[in-house]
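First up is the structure itself, then whatever we jot down about it.
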Amino acid sequence: MKRRTLLATAGAVALARPAIAAGTKTLIFVPQTNLTSLDPVWTTATVTRNFALMVYENLYGRDEGYNPKPQMVEGHVVDNDGLRWTMKLRDGLLWHDGTKVLARDCLASLQRWLKRDATSVVMNARVAEITAPDDNTLVWRLKKPFPLLPHFLSKVQPQPIMMPERLAATDPYQQVTEIVGCGPFRFVKDEYVSGAKAVFAKFDQYKPRQEAASYTAGGHVVHVDRVEWRVIPDAATAANALTAGEVDWVELPQPDLIPMLKKANGVQTGLLDIYGTVAILRPNALHGPTNNPGVCRAMLAALDQKEAMTAAMGDEPGTWKAPMGYIAPGSPWASEVGMENVRVRKSVDQIKRMLDEAKYGGETLTLMHPTDQLIYNQVATVAADAFRKIGIKVDDQLVDWGTVVQRRPSKEPPSKGGWNMFPAGAPGPEFADPLLSNTTRSNGAKAWFGWPDDPRIEAAYEAWIDATTDTERHKIVDDYQRAAFDSVPIIPCGQYLPHAAWRTNVTGLLKGSAPVFWGVDKA
């Protein structure tokens with residue numbers, strides 16, 4: 001596969017700068033792709049998750065070790081034999097419109113989130129009711145003990161973000177039209193231009209926690225006045241802009257540009273996303289040919305994960321892991337069950353026989369192939385080629401990621417604007433165990449886009465959450481992975497750990513699984 005090259009001496013493209021008040025400290029950030037949706041409940045797009053972390057807050061955050069910590073709440077009290085949780089909001093929480101954050105706002109926000117998130121099945125089976133008895137208190141009454149409750153409330157994709165009650169009343173299947181959070185940055189709507197930029201201003205009335213910041217947990221202390229996201233689809237242009245000092249931070253430089261950036265004056269590179277991302281292909285379980293598990297198993301066999309990761313990340317050591325199953329490599333919960341499906345390469349003839357046994361009838365696979373997402377583009381390219389080689393008819397539709405985000409909620413057949421498959425990425429922690437693995441969940445209409453329905457996966461998921469010993473959980477993970485290899489709710493393509501790049505005068509960057517902007521300073 002032909003890969004991009006860049007001369008370090010190439011001139012950076014000048015980026016237009018808006019008129020900003022003298023003395024304003026502005027951090028210019030290049031996100032991995034365009035920001036098209038501003039509602040993290042409506043979409044699970046990674047770029048929207050990153051946007052939401054700036055503007056909104058959760059009741060609980062996650063530290064660098066991915067442990068849940070109180071964020072909007074002071075803490076919690078568990079009593080009545082584990083059947084009642086009482087959470088008090090911390091003092092000083094204000095919405096960006098200047099009004100006080102109330103418990104009923106949080107209650108309405110939780111109710112909206114639960115209508116969209118796959119977590120609702122877990123929560124509804126364990127939660128009898130959530131109430132807001134006063135302005136500062138949330139009370140959870142449970143059907144049975146649920147010690148993992150803070151883990152679910154600290155999810156970062158999709159996020160149980162808090163918003164004012166009037167906005168939380170928005171149909172969760174419609175995007176909110178007004179952005180009002182209580183986070184350390186407020187969204188500057190008047191400067192938002194999709195495809196060009198998004199601007200965030202320090203929220204001067206934000207009161208951070210007193211603990212040191214660790215990923216999304218702790219004190220979100222802001223040191224800059226503005227953060228500007230500049231959308232630069234071309235990787236070489238973004239890299240040149242960084243070396244020339246036109247931008248301060250590039251979230252996802254193209255991997256083969258990292259060696260040049262390492263040598264550039266005033267530039268630093270490193271691993272901020274210490275958990276990486278799991279690349280996946282998502283089949284649509286509603287329409288053929290991807291509603292046929294036998295066809296999906298053949299496609300899983302056809303895809304060489306190492307080839308996909310090499311195409312996406314190059315040969316740089318430590319930047320990817322493959323092969324993998326449905327639990328991330330290196331996780332203490334990783335299972336060996338079914339791993340021959342990805343470790344042992346089958347011949348083209350063997351895979352064609354798998355298609356014959358699945359009674360594949362030559363239906364067209366409509367693949368949404370985003371060309372402006374570096375990793376997804378490479379994975380989709382490798383996948384389309386692999387599928388064609390085994391005899392699958394592929395309609396490789398070259399689109400931008402914004403189109404994928406807008407189109408993937410459609411349940412229409414491909415002939416009416418729907419789809420069969422798209423590439424995506426899930427944060428590494430979502431594959432550490434079954435707990436937060438939203439993309440593997442197979443609860444039908446309540447599942448993530450693609451809507452797989454496999455009661456075996458769901459039964460294993462529920463059992464893992466309720467298990468009382470690690471021995472039980474290891475056995476259940478085996479059942480979980482065995483079922484996933486059979487029904488193929490996703491095709492895992494490997495785990496990648498891309499390096500970011502930033503100017504050396506930018507300090508305080510935190511590690512986690514997403515870029516965060518508190519603690520960051522610019523000299």
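Just so it is clear, none of the values below were taken in a lab; they were calculated from the coordinates. Keep in mind it's a predicted model, so treat the numbers as computed, not measured. A quick note on method: Cβ atoms are made from the backbone with ideal geometry, for glycine too, and the neighbour counts reach across all protein chains shown.
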> Lys/Arg Cβ at +1, Asp/Glu Cβ at -1, dipole of the chain taken about the Cα centre: which of P515, Q159, W333 is farthest positive-ward?
Replying inline: P515
>> Just want the answer: with Cβ charges of +1 for Lys and Arg and -1 for Asp and Glu, which residue in Q481, N420, S442 is farthest toward the dipole's positive end in region 382-523?
In response: N420
>> Relative contact order of region 203-334, please, whole-number percent, based on alpha carbon pairs below 8 angstrom and at least 6 residues apart.
In response: 12 percent
> Of the peptides 325-336, 141-152, how do they stack up when ordered by the mean number of other Cβ atoms within 10 Å, highest first?
Replying inline: 325-336, 141-152
> Rounded if a/c is under 1.5, else prolate if a/b is larger than b/c, else oblate: which is region 277-496, with a ≥ b ≥ c the root eigenvalues of its Cα gyration tensor?
Replying inline: rounded
>> Output needed for region 223-382: three equivalent-ellipsoid semi-axes, defined as square roots of 5 times the C-alpha gyration tensor eigenvalues, in descending order, whole Å.
In response: 37, 19, 14
>> Is there a quick way to get the dipole size of the chain? I mean about its Cα centre, with the Cβ of Lys and Arg at +1 and of Asp and Glu at -1; what is the value in debye to the nearest 20?
In response: 440 debye
>> Students often check this: by mean Cβ neighbours within 10 Å, which of 72-80, 43-51 ranks highest, and how do the rest follow?
In response: 43-51, 72-80
> Out of residues 5 or more away from Y56 or on other chains, whose amide H comes under 5 Å of its own, with H placed 1.01 Å from N in the peptide plane?
Replying inline: G183
> Taking a ≥ b ≥ c as the square roots of the eigenvalues of the Cα gyration tensor of the chain, is the shape rounded (a/c under 1.5), prolate (a/b larger than b/c) or oblate?
Replying inline: oblate
> From the residues A312, V278, P429, which one has its Cα farthest along the dipole of region 277-496 in the positive direction, the dipole being from +1 and -1 charges on Cβ of Lys/Arg and Asp/Glu about the Cα centre?
Replying inline: A312
> Can you list residues whose amide H is under 5 Å from Y215's amide H, if they're 5+ apart or on another chain and H is modeled 1.01 Å from N?
Replying inline: E64, K511
>> If you only keep lysine pairs separated by 8 or more in sequence, or across chains, how many in region 277-496 come under 27 Å at the Cα atoms?
In response: 23
> Relative contact order (percent) for the chain, with alpha-carbon contacts under 8 angstrom and 6 or more residues of separation?
Replying inline: 20 percent
> Is the shape of region 22-107 rounded, prolate or oblate, going by the alpha carbon gyration tensor and its root eigenvalues a ≥ b ≥ c, with a/c under 1.5 for rounded and a/b larger than b/c for prolate?
Replying inline: prolate
> Dipole of region 277-496, Cα-centred, from +1 at each Lys and Arg C-beta and -1 at each Asp and Glu C-beta, to the nearest 20 debye?
Replying inline: 520 debye
